[in-house]
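One structure is given here, and the rest of the page talks about it.
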Amino acid sequence: MAKEVFMPKLSSTMETGTLLQWFKQEGDPVEVGEPLLEVMTDKINIEVEAYEEGVLLKRYYDEDEEVPVNGIVGYIGEKDEQVPKERPGTEDKLEPESLPETPAQTAAEQTVETEKEGGVRATPAARKLSRDSGVELSLVQGSGAKGRIHAADVHAAADKENVRSTPLAEKEAQANNVDLSAVKGSGSYGKVMRADVTSLPAEEKLGSEPLQGVRKVVAERMQQSAGEVPHVTLHTEINMEAAMDLRSQLLPVIEKQTGQRLSVTELLMFVGSRALQKHPDVHASITDNRITKQSSVHMGVAVATERGLLVPVIRDTETKGLAELVAETKQTAAAARNGTLPGRDLSGSTFTISNLGMYAVDHFTPIINQPEAAILGVGRMQDKPVVIDGEIKVRLMMAVSLSFDHRIIDGAPAAAFLTDFKQMLEQPYQLFV
Amino acid sequence: MQSSAVNSSNNKETTRSITFAEAVREALSQEMREDQDVFILGEDIGVYGGAFGVTRGMIEEFGPERVRNTPISEAAITGAAIGSALTGMKPVVELQFSDFITIAMDQLANQAAKLRYMYGGKGNVPMVLRTPSGSGTGAAAQHSQSLEAWVAHVPGLKVVQPSTASDAKGLLKAAIADPNPVIFYEHKLLYKTQEHVPEEAYTIPLGEADVKREGTDVTIVATAVMVHKALEAAEKLAEEGIDVEVIDPRTLVPLDEQTIVDSVKKTGKVIVVHEAVKRGGYGGEIASMIAESEAFDYLDAPIRRLGALPIPVPYNPALEKAMVPQVDDIMQAARDSVHRR
């Protein structure tokens, strides 16, 4: 019997996914573990692997269409098997929240984590060629039985990588900053000619690109959050002298233990987690008009990556020591930058810290990472004149800004949290109380 | 005909064409004229000339002392040959059908193969056991088998499987000269095949494969009668644009691994074809050897094996034919390899 292909649920907040592309045509044989489609979730783009073997019988959605979680996007079964002609309804599906992890979800997560060349069907000759030419097998379309990659496929992929173009076209492209690989060639075997470059529409020449992928998600989420959530931002400055002293004393200890350097962000995560524990009002989230107070702190850390802003999550930070936080944060941030972070590590945060202190930013108003109640934006540290006991002194000051959702909390509890946070950093011994 | 000895004689002998059976007889006669220690023994090999007429006329030239008719006991014939070989003679046994090797198996596997080893090199068994193998003559289940993998498995036995008359002559002479026991398979369907065979003496070393046809797209390693089917398939495939290389190992033990490996490195695809039942057949040995060799990295398709179905050889000619790989099967396997199916 034909088996459904579902839109996997890849994060706790995911309600729909956008089908970015199909890797298989209807009628194509499909093997377990083969990439079937690419899905854009609210966090990431991810390849979804088939968890059934057979023939892709039906595709109900076109590329760029949005599909509800657990919606049936297609069927895999035996050749000529009958499946519904029309897109099956999704209303009678189980409530997504109550569904256990689907195999697709697991498979998709594994794709990100473990897809290595070992999982690709390829002949030894193709593998050798791939090693020699540097063409990654996972990017090659196999022409053999069950998608097996042969030497000829690697050759073809290598040819494709090296775009064929005339010297004039290359010159033209260079002069106009045009990416040749994006230009459709009109010459023999798709060779890009000069005319192909000069005839490009102006906006393509400028290298404009559609709003899509992570960028699109960030755009939508930020617009939604800024539009829906009544943001109030509280600003303060924290004297960081004591905290930085503590950091310089802990640096060698932690470096010895983890091989990593303790950063200001991790110090802020540590202190922030403890401050949140004391302020359950701020440590809350809102969904469907219900406010949920969170117990464990799952700290989201905004990370700039080549693909756009990602917010990987470090879990249970209130129970973790600094060394543990350093090791885990460094590892997670690196995985986020490499694009190897599993989807589950990109969702489920309960509070977010966005640190722009490494730039020339004094302070900024962060936009809340929905559905959380608040977000802490961190600016740079600077020596500033401050008045202490009637005298002007120079102190290392850092501006922080707490944006909170005024639907969930009022100004006073948010201010109380920020005050506690500031005091803990200015008098770190409080952490031992 | 790649042997240098053959090539060098081409100027002198260009027209003479003889059958496989005649080539075997010529090799035997030349060896017996050369060396008084060489003699032949077997059932009905005297006046009758052997089951397939290979020894016809030899008793007239060499007499009953050197062309010995024996009682009907393959074990006794083989045992006698082993014994005489140990004394320094060079016996060449003829078994009427290779199926009967089973009766001589104790002599072959437990005596002939091991004696030199067990005597610490102080005794040799320079014997040859010639025997017709294979199906295609309607001789049914007990007279049509290809059991070469059984003997190839035994350390100490050499195994030869020629596919042409000229190879048969050169290889048989090399087998007789070899100080070890050699099992020499002669496919029944090949006996009447004819080709140019040099008249003078020449040998083809055991362990030297022959590239019967050069090609670039896919290698077919075939033995005995399958060499001819592979060559026919290759000609037809050439019309489809598939350029087949056909390799005849000629001897299974010792096996010329390098020639096969070099070819597979060139084509990236290989099909092993033999008439013996595929399961447990010698093709598995060749396939494994390739997979273990430096050719592995050059393989661009799964190694394919073609062999007979795992059933007794049927008497019915249509079924007998259906049991073993035919030209069409070989062509299809080659297409599948080349077209990545």
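At-a-glance table
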read-out: Global geometry of the range B:51-137, whether rounded, prolate or oblate, following the gyration tensor of its Cα atoms and the 1.5 cut on a/c; value: oblate
read-out: Label zone at B:ASN69, where the point sits 7 Å out along the Cα-to-Cβ direction: the range B:23-61 residues whose backbone N lies under 12 Å; value: B:42-50, B:59
read-out: Mean residue ellipticity (222 nm) of the protein assembly as shown, computed from DSSP H runs ≥ 4 via -39,500 (n - 2.57), nearest 500; value: -10000 deg cm²/dmol
read-out: Rel. contact order, % - alpha carbon contacts under 8 angstrom, at least six apart, the range B:215-341; value: 29
read-out: Gyration tensor verdict on chain B (Cα atoms; rounded if a/c is under 1.5, prolate if a/b is larger than b/c, oblate otherwise); value: prolate
read-out: Length gained when the stretch A:LYS146-A:ARG407 is fully extended (0.36 nm per residue, less Cα-Cα span); value: 88.5 nm
read-out: HN-Hα J in Hz across the range B:309-321 - Karplus 6.51, -1.76, 1.60, θ = phi - 60°, x for Gly and Pro; value: 5, x, 9, x, 5, x, 7, 4, x, 5, 5, 4, 5
read-out: Where Cα atoms sit under 25 Å apart: lysine pairs in the range A:301-433 separated by 8 or more or lying on different chains; value: 6
read-out: Most fluctuating residue given options B:ILE220, B:ILE303, B:ILE72, as computed from a GNM of chain B linking Cα atoms under 10 Å; value: B:ILE72
read-out: Simple label model, 7 Å out from Cα along Cβ direction - A:ASP159 to B:ALA76, nm; value: 7.1
read-out: Projected label distance in nm at A:VAL394 and A:ARG307, using a 7 Å step from Cα toward the beta-carbon; value: 4.5
read-out: Shielding score for B:259-272, defined as the mean number of other chain Cβ atoms within 10 Å; value: 1
read-out: Distance between modelled label sites at B:VAL211 and A:ARG290, nm, 7 Å Cα→Cβ extension; value: 7.6
read-out: Rounded to whole Hz, the Karplus (6.51, -1.76, 1.60) HN-Hα couplings of the range B:168-185, x for glycine and proline; value: 4, 5, x, 6, 5, 5, 5, 5, 5, 6, 6, x, 10, x, 10, 9, 10, 8
read-out: Reachable aspartates and glutamates, given that their alpha-carbon falls under 13 Å from the alpha-carbon of A:LYS256 and they are not under 8 places away in the same chain; value: A:GLU324
read-out: Residue-span extension gain [A:GLU53 to A:SER133] - 0.36 nm each, minus C-alpha spacing; value: 25.7 nm
read-out: Built amide H within the under 5 Å cut-off of A:VAL361, gap 5+; value: A:ARG380
read-out: FRET efficiency, B:ARG279 to B:GLU239 (Cβ-Cβ, R0 41 Å, nearest 0.05); value: 0.80
read-out: Length released on extending from A:GLU81 to A:GLN21, taking residue separation times 0.36 nm less the Cα-Cα span; value: 19.2 nm
read-out: Within chain B, percent of DSSP bridges classed antiparallel, to nearest 5; value: 20
read-out: Backbone N under 18 Å from the B:GLN258 label point (7 Å along Cα→Cβ), restricted to the range B:206-234; value: B:206-212
read-out: The range A:292-433: relative contact order as a whole-number percent, Cα under 8 Å and 6+ apart; value: 17
read-out: GNM top mover of A:VAL313, A:VAL282, A:VAL83 - chain A, alpha-carbon springs below 10 Å; value: A:VAL83
read-out: Three-way shape label, the range B:228-327, alpha-carbon gyration tensor, a/c 1.5; value: oblate
read-out: When each of A:LYS24/B:LYS266; B:LYS212/B:LYS321; B:LYS188/B:LYS265 is checked by Cα-Cα distance, pairs over 27 Å; value: A:LYS24/B:LYS266; B:LYS188/B:LYS265
read-out: Globularity index of chain A, i.e. its alpha-carbon radius of gyration over 2.2 N^0.38 Å; value: 1.18
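Computed from the coordinates by the stated procedures, all read-outs in this text should not be read as laboratory data. Note that the coordinates shown come from a computational prediction; the quantities given were computed from them, not determined experimentally. We place every Cβ from the backbone using ideal geometry, glycine too, and count neighbours over all the protein chains shown.
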